[in-house]
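Enquirer: My structure is below; once you've seen it, I'll send some questions.
Each value in this text was obtained by applying a stated rule to the coordinates, not by laboratory testing. Quick caveat, the model's predicted, so the values are computed rather than measured. Glycine also receives a Cβ, built like all others from the backbone with ideal geometry; neighbour counts cover every protein chain displayed.
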Amino acid sequence: MKFCSQCGGPVEQRIPQGDNRLRYVCPHCHTIHYQNPRIVAGCLPVWGEQVLLCRRAIEPRRGYWTLPAGFMENGETMAEAAMRETDEEACARVRDLQLYALFDLPHISQLYVFFRAELIDLDFQAGEESLEVQLFHEHEIPWQELAFPTVGRTLKCFFADRQERSFPIRNEGIAALHPLR
């Protein structure tokens, strides 16, 4: 950040009085510009024994497989964001969303939230951010081609939980982003 969004003056980094973190502060109008984590909301769309994955058409990790997910917009709930992202990336409609996994990624200031969801029908196709979309049985998942650790962890938990017929809400931290091994 270089300029204040209130007055247009240059900002500086300092710890404001009564605070304990470096913030961007405008020395002219004294506005403190707080920066907060971003929320990524997505779905684990299920059809029978299969899950729907999207091959990314955008960076980062273009060409790798992911669950439909993206940054939450102002004015929407997490579930609405997850449904919107599923529609945008896979042109798929889902129902019966159940909160399933929350991943804290403090090193990149993000929180990932995934919902288990049921596909309404098989009328899906690649959206603008996807090269292709496909249903996979567990043994067909391209584990070495998954875009993010959050996706791999969600899928592994889902398949294990499905065997137990119990789907607890999971909350885990992921220390660093690296391709799934």
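Enquirer: Before anything else, pin down the relative contact order of the chain: Cα pairs under 8 Å, at least 6 apart, normalised by residue count, whole percent.
Expert: Reported as a whole number, the value is 21 percent.
Enquirer: A further question on this structure: What ranking of MET78, MET83 emerges when the number of other C-beta atoms within 10 Å of each C-beta is taken as an exposure proxy, fewest first?
Expert: Placing the least packed residue first, the sequence is MET78, MET83.
Enquirer: What is the stretch 38-173 by shape, rounded, prolate or oblate, if you read a ≥ b ≥ c off the alpha carbon gyration tensor as root eigenvalues and call it rounded for a/c under 1.5, prolate for a/b larger than b/c, and oblate otherwise?
Expert: Judged from the Cα gyration tensor, the stretch 38-173 comes out rounded (a/c under 1.5).
Enquirer: Could you put ILE174, ILE32 in order, starting from the residue whose Cβ has the fewest other Cβ atoms within 10 Å?
Expert: ILE32, ILE174
Enquirer: Beyond 22 Å, how much of the Cα-Cα pair distribution for the stretch 4-96 remains, as a whole percent?
Expert: That tail contains 51 percent of the Cα-Cα pairs.
Enquirer: Next question. Let me know the charge dipole size of the stretch 38-173 about its Cα centre in debye, to the nearest 20, where only the beta-carbon of Lys, Arg (+1) and Asp, Glu (-1) is charged.
Expert: 420
Enquirer: Using only Cα atoms, find the angle between the long axis of helix 149-164 and the longest principal axis of the chain, and express it within 0 to 90 degrees, rounded to the nearest 10.
Expert: The helix 149-164 is inclined about 40 degrees to the chain.
Enquirer: Are there chymotrypsin sites (Phe, Trp or Tyr not before Pro) in the stretch 13-99 that DSSP marks as loop and that have at most 15 other Cβ atoms within 10 Å, and which are they?
Expert: TYR34
Enquirer: Angle between the Cα long axis of helix 78-90 and the longest principal axis of the chain, 0 to 90 degrees, nearest 10?
Expert: 60
Enquirer: Specify the longest stretch of the chain that does not include any exposed loop site, a site being one of the GluC sites (Glu not before Pro) with a non-H, G, I, E, B DSSP assignment and at most 15 other Cβ atoms within 10 Å.
Expert: Value returned for the longest uninterrupted segment is 129-181.
Enquirer: Among ALA69, ALA57, ALA90, which residue has its Cα furthest toward the positive end of the charge dipole of the stretch 22-107, with +1 on Lys/Arg Cβ and -1 on Asp/Glu Cβ?
Expert: Working it through, the farthest residue towards the positive pole turns out to be ALA57.
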